[in-house]
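Peer 1: Take this structure first; my questions come after.
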Amino acid sequence: MWNGRTVASRYAGSMTTNVPTIDLNSGTSIPQLGLGVWQASNEETEQAVRSAIDDAGYRHIDTAAAYGNEEGVGRALAAASVDRSELFVTTKLWNADQGFEPAKQAFDQSLSRLGLDYVDLYLIHWPLLDDDRLLRTWDALEEIAQSGRAKAIGVCNFEPRHLELLVNRGGTLPAVDQVELHPHLPQQEIRDVADRHGIVVESWSPLGGTSNSGWGKDSKPNTLLTDPLISRIGEQHGKSPAQVLIRWHLQNGLVVIPKSVNPDRIAQNIDVFDFELTDADLGDIATLNDGVRVGADPNEFNVGAPE
């Protein structure tokens, strides 16, 4: 058990990598480490997902309608050397499709692009600024889950108040809240609220990433991957800075989905189960918390919202 959450060390791949899984409140379980494919073309995504599944042993793939690469994921899944039942596939509802009927239609379109009968997890990508519309959207996801075409439903970028909105509403709780999370922004308040309600927290931009200029911010270098502290810890364990950061997420009981389209880095990112960070390592990494985001503030972000 890490950070108060049960982590089962069940075999999640046909390779030599034993990826733990975390039980979800839906009754299913999610591999604790997966492949993210944000900002990758369909062609890049297809090759990356095939490499991840067939060569590196990944069983968890995270995409989104907004990424524009669900078709690439679908082609890779169709060609995969493992059965669909061994894979965990996540996609997300884009902002423009919030609302009851639009959300259901958008889900059907995502399934079609993926070439799947169901997804393992369907997420609302952003809460946006209209709570009433958000609740109607959640109603749609509940209906999708009841149909069996999404084995679990959840949210992205939900702050504590957004989570409490769904909790106070009653009905199905999100299985997952996927948020920007890394040592600069450990999101302890969100993690505390999520843990109280049995919601698993999943980290996007887990290596720090760079800010997206499309969100009105200047791009900046990924300081975590070049941080002397992270590099020193990596040297002590014979691991790269990225591997140290991924291990930090795992030991904090988080689900982590580092993005790469490079086969060597894809393989390296999953090669993190043969070492552990010490308590001293974790304490040192905690000093990097400065609350700095690389992505948008969910309390302000409203890009693509329906009119």
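The values are calculated or read from the model by the stated rules, or taken from the named source; none is laboratory data. Remember, predicted model here, so these are calculated numbers, not experimental data. Virtual Cβ from ideal backbone geometry, glycine too; neighbours counted across all protein chains shown.
Peer 1: Which one of these is surrounded by fewer than 22 Cβ atoms within 10 Å (Cβ to Cβ), at negative phi and either at pLDDT below 95 or not in a helix (DSSP H, G or I) (or both): Y58, Y11?
Peer 2: Within the list Y58, Y11, the selection yields Y11.
Peer 1: Could you tell me how many of the residues in region 291-307 are surrounded by fewer than 12 Cβ atoms within 10 Å (Cβ to Cβ) and either hydrophobic (A, V, I, L, M, F, W, C) or within 12 Å of Q98 (Cα to Cα) (or both)?
Peer 2: Number of matching residues: 1.
Peer 1: Also, I was wondering about something else. Look at region 153-206 and say how many of its residues are assigned to a strand (DSSP E or B), among the small types (G, A, S) and over 23 Å from V292 (Cβ atoms).
Peer 2: 1
Peer 1: Which condition does N42 not pass, out of (1) in contact with an Asp or Glu (Cβ under 6 Å, 6 or more places away or on another chain); (2) closer than 12 Å to I257 by Cβ, if it passes all the others?
Peer 2: (2)
Peer 1: In region 251-266, which residue that is among the aliphatic types (A, V, I, L, M) and not in a loop (DSSP other than H, G, I, E, B) is farthest from E180 (Cα to Cα)?
Peer 2: Our first condition is that a residue be among the aliphatic types (A, V, I, L, M); within region 251-266, this holds for 254-257, 261, 266.
Adding the requirement that they be not in a loop (DSSP other than H, G, I, E, B) leaves 255-256, 266.
Numbers: V255: 12, V256: 10, I266: 20 Å.
Only one residue fits best here, namely I266.
Peer 1: Find all pairs meeting these conditions: Cβ atoms under 7 angstrom apart; at least six residues apart or on different chains; first residue within region 168-184 and over 16 Å from R196 (Cα atoms); second residue among the basic types (K, R) and modelled with pLDDT under 95.
Peer 2: From region 168-184, the pairs are E180/R293.
Peer 1: So for region 281-289 (the condition being within 30 Å of T45 (Cβ to Cβ), among the aliphatic types (A, V, I, L, M) and touching a Pro at 6+ places or on another chain (Cβ under 8 Å)), does at least one residue qualify? Full working, then the answer.
Peer 2: So the first thing to find is which residues in region 281-289 are within 30 Å of T45 (Cβ to Cβ), and the list is none.
No, the conditions are met nowhere in region 281-289.
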